[in-house]
Amino acid sequence: MQIKALGAALVVLVLAVAGCSNTDGSGYPGTKQTVGGVGGAALGGVLGAALTSGKSSSTRAFAAAAGAVVGLLAGSEIGRSLDDNDKRNAAAAQEKAATAPLGQTISWNNPSSGNSGAYTPTRDGYASDGRYCREFEETIVIGGKTERGTGVACRNPDGTWKIIS
C-alpha cells in the first residue's frame, strides 16, 4: 500500500514541477522536454528508492521524491537541448562551410529552441592519405551557454566529410 501511495505522490510531484518547466513560447513545455522530464523523474524516483533500500519508509519516500525532482530537472534540460532542427541547421552550416572561402563564417540558428552556432574554415590542405582537409573553428550556443572549439575535417572519397580531430 505504501508503494502505491509513493507512486501517486510521485505522479503529483512530477506534474506539479513540470508546470514550472521552460516553455517553447506556447505556455507548455515542448514534447522532447516533457518526455525527458517525465523519464528523468521516473528514473530518479526509482534510483532514490533503490539507494535507500533497508531504510525507513519515510526515508525511502523522501529519497524517491528527491530523486524524482532531480531526474525531472535533468531530463527536462537534456530533452530541451536535443532538437532535430538544431542538428539539421548545424549540418547545413557545416556543409556550406566545407566550400566557403577561408575566414568566412557560416552561421545557423533555431529560433524555436534559441540555440545557434557558427563554423569558420581557417586553413586547408591535404592529409597524408591524399584527402582534402579543412581546419575550422566552431561556436555553439545551447541553453545560453557558449562553447568554442577547433577541429579538422577531411573529405572522404565518396564526398562526405569526416571530422578527424
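Of all residues in region 146-157, exactly one satisfies the criterion of being of a type in the set (D, E, K, R) and more than 14 Å from residue 118 (Cα to Cα), namely 155. For region 85-104, the set of residues classified as among the aliphatic types (A, V, I, L, M) and more than 24 Å from the chain's Cα centre (by Cα) consists of 98, 100, 102, listed by residue number. The residue of region 117-140 that is farthest from residue 101 (Cα to Cα), among those that are surrounded by 15 or more Cβ atoms within 10 Å (Cβ to Cβ) and among the aliphatic types (A, V, I, L, M), is 140.
Looking for something among the basic types (Lys, Arg) and crowded, with 18+ Cβ neighbours inside 10 Å - is there at least one such residue anywhere in region 148-162? Scanning region 148-162, I find no residue that is among the basic types (Lys, Arg) and crowded, with 18+ Cβ neighbours inside 10 Å, so the answer is no.
Read the figures in this text as sums done on the coordinates, not as results from a lab. Source: prediction; values computed, not measured. We place every Cβ from the backbone using ideal geometry, glycine too, and count neighbours over all the protein chains shown.
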